[in-house]
Number of protein chains: 2
Amino acid sequence: MSENKPRIKLPKEAAKGEIVQIKTLITHPMESGQRKDASGKLIPRKIINRFVCEFNGKPVFEAHLETAISANPYIEFYARVDEAGAFNFTWVDDDNVVVTAQEHIALKA
Amino acid sequence: MSENKPRIKLPKEAAKGEIVQIKTLITHPMESGQRKDASGKLIPRKIINRFVCEFNGKPVFEAHLETAISANPYIEFYARVDEAGAFNFTWVDDDNVVVTAQEHIALKA
């Protein structure tokens, strides 16, 4: 998988119970498995097939991606923040290469 | 589940191989199961726990949602369109109430 770090956008702090927007983007060619190389052989599928977001160890959002998902997959969703803590993000590709990232969020005083 | 129709935005047509943005929003209270009613009893959890998008019968994107996801969940992602056809969207909640929607996309001449 690419050495590029995933890009994640979410607020640094939220009021208790606030809904926050979470944007994620990871660099990955998402080879579909349907293309052929110059010699006519199929290029093996290699895509990110799973994305998971946990907050303080509890799952919040999980996505299963299929071959028609774009290169550099972008996923956006909203989650409710009831306490300060850490979001953990995990991307897994067909070769079981795993990329993780963590972002902290504080509660507004 | 609400009688409100889900809102879906995607282009009416795309070039072959084009990456299209798909935005989905459904009205649902997403009762977390952690709130109490006036008499102090827990209100049972009732959330949309699964969202699936298929294109011409093949899965493209599937999401598992947990209690921290916001009311009226919004999900955005990108898919590659290699042929004309229909996107089918399905939302399932804890009571197995299912909401479906379909959107067609054409290939640019």
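Below, the figures for the structure above:
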item	result
Heavy-atom SASA rank of B:HIS104, B:HIS64 (probe 1.4 Å, accessible area, largest first)	B:HIS104, B:HIS64
Per-selection Kirkwood Rh - the protein assembly as shown (Cα, Å, 1 d.p.)	18.5 Å
Unit charges on C-beta of K, R, D, E only; dipole of region B:15-109, Debye	180 debye
Sequence-distant residues sharing a close amide H with A:HIS28 (under 5 Å, placed H)	A:ASN72
Set of region A:78-109 residues, backbone N closer than 14 Å to the point 7 Å along the Cα-Cβ line of A:LYS12	A:104-109
Qualifying lysines (Cα of each under 20 Å from Cα of A:LYS12; at least 8 residues distant if same chain)	A:LYS23, A:LYS58, A:LYS108
A:GLU13 long-range amide H proximity, modeled H, under 5 Å	A:ALA106
Alpha carbon Rg of chain A, scaled by the compact-globule rule 2.2 N^0.38 Å	1.25
Amide N of region A:40-76 lying under 18 Å from the label point, which is placed 7 angstrom from the Cα of B:LYS23 along Cα→Cβ	A:74-76
HN-Hα J in Hz across region A:32-38 - Karplus 6.51, -1.76, 1.60, θ = phi - 60°, x for Gly and Pro	6, x, 10, 8, 10, 7, 4
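The values are calculated or read from the model by the stated rules, or taken from the named source; none is laboratory data. These numbers were taken from a predicted model, which means no experiment stands behind them. Glycine gets a Cβ as well: all are built from the backbone with ideal geometry, and neighbour counts include every protein chain shown. The protein model used for the area step is the full one, side chains on, heavy atoms only, and it has no ligands, DNA or RNA in it. Shrake-Rupley method; radii C 1.70, N 1.55, O 1.52, S 1.80 Å.
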